[in-house]
Amino acid sequence: MEYAGFLLVIATGIAVILISLALDFLWARSIPVRFFYYILRAPGVVVHECAHMLGCMLTGAKIRNVVLFSKEGGSVTYNPPVIPVIGNVVISTAPLFCIPLVLSLCTWFFSAYLGCLLPALPLSVDSTDAVVVMGGGILATFTQNLLVHFNAWFLVYLYLVLSLILSAAPSMQDIRNASIGICILAIIGVLILWSQIPWAVSILTEITRNIGMGFSLGLGFGLIALVLSSPLLIIYFYRRTA
């Protein structure tokens, strides 16, 4: 495994977080009636908090209180996890992995049972060409489901994609909780690559491959949400420059 592949996985994860934060910022300021913004965010916030709960259960952290949805969003408070360092990273970043998984299941369901023509997103993004191909497939999906063969269920699918992507990014509290652990794990990863110990590099490669699959799916769904939000992006930047 090369340094470039390791860094690419990190860059993909950062891209997913930035897309999520940017789109949430955009939609929060574009919907005039706050009630509709809450409706838009509700499914994503619920899944986000459920992901944190799952992270708590996996790391042995006792859950003290759960708020699945409120005007301020959701929250999960918990005792320190049994697994040190890694525990906080797992809990805080769980939505980054769980939300693409939920969206993958939604894609399968809407495609298999509701007649939506949806693209099979790649499980790895190893070049800019892969991103371009992914973007082309996503644009073709909009054309097929809205223009060629209109499918009302596709609108429901887009609502779920947008809602979940808006909630994919960790909150500032999540980032604070996981920051030290993430830095330690990143340094360990670099040291393992530098050491070139075969068994250690092999384990790191497998872990990174699985993490990269989640991030790649997140990026694909993020691009779908970005296409859906493009009219708002144009209006927003036009107002800023006018």
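Worth a mention:
- Hey, residue 14 of a type in the set (Val, Ile, Thr), under 25 Å from residue 217 (Cβ atoms) and loosely packed, with under 13 Cβ neighbours inside 10 Å or not: yes
- Considering (1) more than 20 Å from residue 49 (Cα to Cα); (2) surrounded by fewer than 14 Cβ atoms within 10 Å (Cβ to Cβ), the lone condition that residue 157 does not fulfil carries the number (2).
- Residue satisfying all of: in the stretch 3-28; farther than 17 Å from residue 230 by Cα and without any contact (Cβ under 8 Å) to a residue 60 or more places away in the chain; nearest to the chain's Cα centre (by Cα) among these: 14
- For residue 31, the requirement of being hydrophobic (A, V, I, L, M, F, W, C), at pLDDT 90 or above, farther than 18 Å from residue 175 by Cβ and over 14 Å from the mean Cα position of the chain (by Cα) is not met.
- Residue in the stretch 35-44 that is in contact with a Gly (Cβ under 6 Å, 6 or more places away or on another chain), surrounded by 13 or more Cβ atoms within 10 Å (Cβ to Cβ) and not in a strand (DSSP E or B) present: no
- Close contacts from the stretch 78-91, counting a first residue that is free of Cβ contacts under 8 Å to residues at least 24 places away in the same chain and among the aliphatic types (A, V, I, L, M) and a second that is exposed (fewer than 15 other Cβ atoms within 10 Å of the Cβ) and part of a loop (DSSP other than H, G, I, E, B), with Cβ to Cβ under 8 Å and a gap of 6+ residues or different chains, come to 82/60.
The values are calculated or read from the model by the stated rules, or taken from the named source; none is laboratory data. Remember, it's a predicted structure, so these values are computed and weren't measured experimentally. Positions of Cβ are generated from backbone atoms using ideal geometry, with glycine treated the same way; all protein chains shown enter the neighbour counts.
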